[in-house]
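Comments concern the structure below.
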Amino acid sequence: MQWITAAHRDPFGPATWQITSDATTPVELLGDVHSELLDLYLEGRHSDKDHLFQSQTSAQEAYVPLLAHGWRHTIKTDGTQTFLAPDALSGMQHQYDRTPSSDLAPSWRIWGGLPANPDWRVQFSPSTRVALVAAFTASLLSTEPLERTVKDIPSSRATTSP
């Protein structure tokens, strides 16, 4: 099951940008993205710019915090940057060299868990506001403790006590 958040310039036209996430994506990460989305919407209501579709935020704002927290960084000649957490249990790929015909193809892919079999995934299309990706990565780096009950932990990660 997936959740899709999309923005449409024309209510009857195709999505201008979209965010696709697995149902297992931690709610705190998506909550921070949706809080930023609301902020962009409200800023646009009181401005001559539509902040949901026009952005002045550079891609670096989404990934420089990862580098500052010790994430490894590799770049391929095909235009793909990969960032891996120090424990290798989270990662992000950014495709920075896009062709105009692939507007909804993921430009940002973020996952949690082992790369070969992640526990959750989120994809942001190229036209998605970088501020939303930055909100996600900032939330991903947060050291604030999360409240979880045993039933909230995926069964593959749950442990039983003797």
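For the reader, a short list of remarks on this structure follows.
- Selection of the stretch 114-145 for residues being surrounded by fewer than 16 Cβ atoms within 10 Å (Cβ to Cβ) and either assigned to a helix (DSSP H, G or I) or in contact with a strand residue (DSSP E or B) (Cβ under 7 Å, 6 or more places away or on another chain) (or both) yields Pro115, Leu141.
- Residue within the stretch 3-20 that is touching a Leu at 6+ places or on another chain (Cβ under 7 Å), open to solvent by 70 Å² or more (accessible area, probe 1.4 Å) and not small (Gly, Ala, Ser) present: no
- Matching residues, the stretch 41-82, being of a type in the set (Gly, Ala, Ser) and modelled with pLDDT of 95 or more: Ala68, Gly70
- Residue within the stretch 92-101 that is open to solvent by 30 Å² or more (accessible area, probe 1.4 Å), at pLDDT 85 or above and either assigned to a loop (DSSP other than H, G, I, E, B) or under 22 Å from Ser35 (Cα atoms) (or both) present: no
- Residues (aliphatic (A, V, I, L, M), free of Cβ contacts under 8 Å to residues at least 40 places away in the same chain and either open to solvent by 70 Å² or more (accessible area, probe 1.4 Å) or not in a loop (DSSP other than H, G, I, E, B) (or both)) located in the stretch 43-91: Val64, Leu67, Ala68, Ile75, Leu84, Leu89
The values are calculated or read from the model by the stated rules, or taken from the named source; none is laboratory data. This is a predicted model, so every value here is computed, not measured. Here the Cβ is made from the backbone with ideal geometry for all residues, glycine too, and neighbour counts use every protein chain on show. Accessible surface is based on the protein model in full, side chains and every heavy atom, while ligands, DNA and RNA are left aside. Shrake-Rupley method; radii C 1.70, N 1.55, O 1.52, S 1.80 Å.
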